[in-house]
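Quick notes on the structure that follows.
Each reported figure results from applying straightforward, stated rules to the coordinates on display, with no laboratory input. Keep in mind the model is a prediction, meaning the values are calculated, not measured. Here the Cβ positions follow ideal geometry from the backbone for every residue, glycine too, while neighbour counts run over all protein chains shown.
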Amino acid sequence: AQALDDPRVKDMNALVRKSPSEENRAARDVVLRDVILEKQAATAAEFDAVHSVARAREVGSLSDILAPGMLRERLIGSLEASLRNA
């Protein structure tokens with residue numbers, strides 16, 4: 001919806017209505033694709049500005065953040081604990 005409201009897309013749609021050639025349709029499709037990608041990138045940047053691993057931990061979505069060097073030790077410990085409790 002955001003892409004269809006973009007002035008570049010509206011201009012191309014008007015051109016296609018005025019002169020519905022295959023060339024104009026193809027040009028409109030390129031502009032629409034580019035605008036969609038631009039809008040998606042803006043949405044992703046907005047998301048990334050708010051969401052992070054640290055924030056996920058703060059709000060309880062993650063219980064801990066491990067350094068890569070600790071991953072193996074923690075994984076083995078968790079597996080051993082699970083086997084003892086099985």
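Hey, does region 40-62 have a residue that's in contact with a helix residue (DSSP H, G or I) (Cβ under 9 Å, 6 or more places away or on another chain), surrounded by 13 or more Cβ atoms within 10 Å (Cβ to Cβ) and assigned to a helix (DSSP H, G or I)?
No, region 40-62 has no match at all.
Looking at this structure, is A56 among the small types (G, A, S) and either closer than 30 Å to S78 by Cβ or in contact with a His (Cβ under 7 Å, 6 or more places away or on another chain) (or both)?
Considered against the rule, which asks whether it is among the small types (G, A, S) and either closer than 30 Å to S78 by Cβ or in contact with a His (Cβ under 7 Å, 6 or more places away or on another chain) (or both), A56 comes out as yes.
Answer yes or no: is there a residue in region 11-24 that is free of Cβ contacts under 8 Å to residues at least 24 places away in the same chain and within 20 Å of the chain's Cα centre (by Cα).
As a first pass, look at region 11-24 and keep what is free of Cβ contacts under 8 Å to residues at least 24 places away in the same chain: 11-24.
Now restrict to residues that are within 20 Å of the chain's Cα centre (by Cα): none.
No, the conditions are met nowhere in region 11-24.
With surrounded by 10 or more Cβ atoms within 10 Å (Cβ to Cβ), in a helix (DSSP H, G or I) and either more than 21 Å from the chain's Cα centre (by Cα) or of a type outside the set (D, E) (or both) as the only criterion, which of D34, D29 stands out?
Every option except D29 fails the conditions.
List the number of the failed condition for L66; all other conditions in (1) of a type in the set (A, V, I, L, M); (2) closer than 30 Å to S78 by Cβ; (3) within 22 Å of the chain's Cα centre (by Cα); (4) surrounded by 11 or more Cβ atoms within 10 Å (Cβ to Cβ) hold.
Result: L66 passes all but (3).
Any residue in region 52-70 that's without any contact (Cβ under 8 Å) to a residue 40 or more places away in the chain: show its pairings with residues that are assigned to a loop (DSSP other than H, G, I, E, B) and of a type in the set (F, W, Y) at Cβ separation under 9 Å, as long as the two are six or more apart or on different chains.
Listed pairs, sorted by first residue: none to list.
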